[in-house]
Amino acid sequence: MSATTDHVQDHKIIPRNIDFELDEDVTYDWHSDCPGISNMWNGLSLLFPEVEMFFVTSAQNYLSIVKDPAFKKELKGFMTQEMIHTREQGVYNEMLKRHNVDTDRVNDILKWWAVAGHKYLPKSIQFSL
């Protein structure tokens, strides 16, 4: 077995179809009755959808050149998991919008950075981020 195959066997990526269950009754200050903790997670959530899409696009650059079937499967698993995360972070950000958080403004800025990153950074650097 190669080092790549050994590594893949030790660290399998198994996408899980998670659901944040953010019904209409979830409020902006949802975590531990503490606005500070809630706002930390809310702020991170604003970043995740665009960052995760950047990861997926960066990984797609390598799909056609990966020859090891086990590694290709892991790469696809990583991309699937990131897409599930992106979906759920979108649901989370919709909850924030219901509480008047301007998620679109933050995501527009992040989209600009992602487009610039894909345009100007070498693919190897994009994937390493």
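Numbers for the structure displayed
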quantity	calculated
Hydrodynamic radius of the chain per Kirkwood, over alpha carbon pairs, in Å	16.5
Modelled FRET efficiency - R0 25 Å, T27 with V91, Cβ distances, 0.05 increments	0.95
Extension gain from W41 to R98, taking 0.36 nm per residue of separation minus the Cα-Cα distance	18.9 nm
Point-charge dipole on Cβ atoms (K/R +1, D/E -1) for the stretch 30-78, about Cα centre, debye to 20	340
Relative contact order %, the stretch 43-129, counting alpha carbon pairs below 8 Å whose residues are six or more apart	48
Gain on full stretching of the segment that runs from I14 to T57 - 0.36 nm per residue minus C-alpha separation	13.6 nm
Lys, Arg +1 and Asp, Glu -1 on Cβ, resulting dipole of the chain about Cα centre, debye, nearest 20	860
Positive minus negative residues near E50 (Lys, Arg vs Asp, Glu; Cβ under 13 Å)	-2
Spherically averaged projected area of the stretch 66-129 from its Cα convex hull (nm²)	5.3
Entries in K12/K111; K12/K97; K72/K123; K76/K111; K67/K111; K76/K119 that, when Cα-Cα distance is taken, lie over 26 Å	K12/K111; K12/K97; K67/K111
Net charge over other residues, Cβ less than 12 angstrom from the Cβ of M79 (K, R count +1; D, E count -1)	0
Gaussian network model of the chain, springs between alpha carbon atoms under 10 Å - residue of T27, T103, T80 with greatest fluctuation	T27
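Each reported figure results from applying straightforward, stated rules to the coordinates on display, with no laboratory input. No experiment lies behind these values; they were computed from the predicted model shown. Virtual Cβ from ideal backbone geometry, glycine too; neighbours counted across all protein chains shown.
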